[in-house]
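**Student:** Handing you a structure now.
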């Protein structure tokens, strides 16, 4: 049973301190209260990530990102009423208040329903050639390269298992027999693993046309060469909270221009900014897709994820981005592989 009192923060608490609180308690929420424990608002991981996208500093007060009108329930409600509200609103947590609007309890879905199992499918893309990692990948597929003490793909699989996922598909092509021989049907890890066999290269989205049946819930798709500490349940919650048909994880990338940048209006010099840092969000290779999105993927055709998202944008479907603030490393080149081995023990063990 979680101690809900550890979830309480004041409105002047910084966003970064609140973020640490959310991560440490694993409750995925913080409650913003006044000095008399009256609820002022709630803050979820999703609220913080949306704040990051708006450019809000992590040093700002948490009141800048809190939800001022959270769903709550009064003390004395029956368990049936609480369960109904959880199911109708797809809640993960529910603050319980007394008549003075003071927090007296917090109910959590995994405790209420006595389950942490997540039925959403996970697709791990493990069919790439790993050209940029040669000669390491001449005799072994990139996802099977050992980082730390185990193959990259095993670390990814076990990260999802830690968050309650148990239904997996591996998209395979290059040296697929090595991957199948190592992971089998997933019984060793207590999960189900099936395979999407690419007889030709289909890209990061095209392989999804090989599903033997249509999923009934949003699926997570992830490249098989990424190491990350993203909380995948938080990712799913963010996707659902924002009513997305597709969500792309993004990572902030900074680039310093090594010169003084000159701003002009016509021939007039307006300002000089010395060696400015430009910031961008880049594709992080992790996605959430609703089942209906799969109908847009052509069969037996190379089709990548950026093309799928461009199509959804053109169709004016609701797509969103999920900014990754946790550890993330794309093992695409030899220096990345060396960096992953240096950092693995500190991050994953």
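**Student:** Only one residue in 333, 325 is in the same structural domain as residue 283 (by TED's automatic domain parsing), surrounded by fewer than 17 Cβ atoms within 10 Å (Cβ to Cβ), closer than 23 Å to residue 159 by Cβ and modelled with pLDDT under 95, so which one is that?
**Tutor:** 333
**Student:** Give segment 42-67 a look and list any residue that's buried (at least 19 other Cβ atoms within 10 Å of the Cβ) and part of a loop (DSSP other than H, G, I, E, B), or say none.
**Tutor:** Passing the criteria: 65, 66.
Condition check ((1) surrounded by 14 or more Cβ atoms within 10 Å (Cβ to Cβ); (2) out of contact with any strand residue (DSSP E or B) (no Cβ under 6 Å at 6 or more places or on another chain); (3) in a helix (DSSP H, G or I)) across all residues:
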| position | (1), (2), (3) |
| --- | --- |
| 5 | no, yes, yes |
| 11 | yes, no, no |
| 18 | yes, no, yes |
| 21 | yes, no, yes |
| 30 | yes, no, no |
| 36 | no, yes, no |
| 40 | yes, no, no |
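**Student:** Given the conditions (1) out of contact with any helix residue (DSSP H, G or I) (no Cβ under 9 Å at 6 or more places or on another chain); (2) more than 30 Å from residue 72 (Cβ to Cβ), and given that residue 119 satisfies all but one, which numbered condition is not satisfied?
**Tutor:** (2)
**Student:** When residue 336 is evaluated against the numbered criteria (1) closer than 21 Å to residue 249 by Cα; (2) in contact (Cβ under 8 Å) with a residue 12 or more places away in the chain, which criterion, by number, is the only one it fails?
**Tutor:** Result: residue 336 fails condition (2) only.
**Student:** Could you pull out the residue among 25, 13 that is at pLDDT below 85 and within 27 Å of the chain's Cα centre (by Cα)?
**Tutor:** 25
**Student:** Evaluate segment 280-288: report whether one residue or more is surrounded by 22 or more Cβ atoms within 10 Å (Cβ to Cβ) and either farther than 30 Å from residue 93 by Cα or in the same structural domain as residue 91 (by TED's automatic domain parsing) (or both).
**Tutor:** No, segment 280-288 has no match at all.
The values are calculated or read from the model by the stated rules, or taken from the named source; none is laboratory data. The structure presented is a predicted model; accordingly, all values stated were derived computationally and were not measured. Virtual Cβ from ideal backbone geometry, glycine too; neighbours counted across all protein chains shown.
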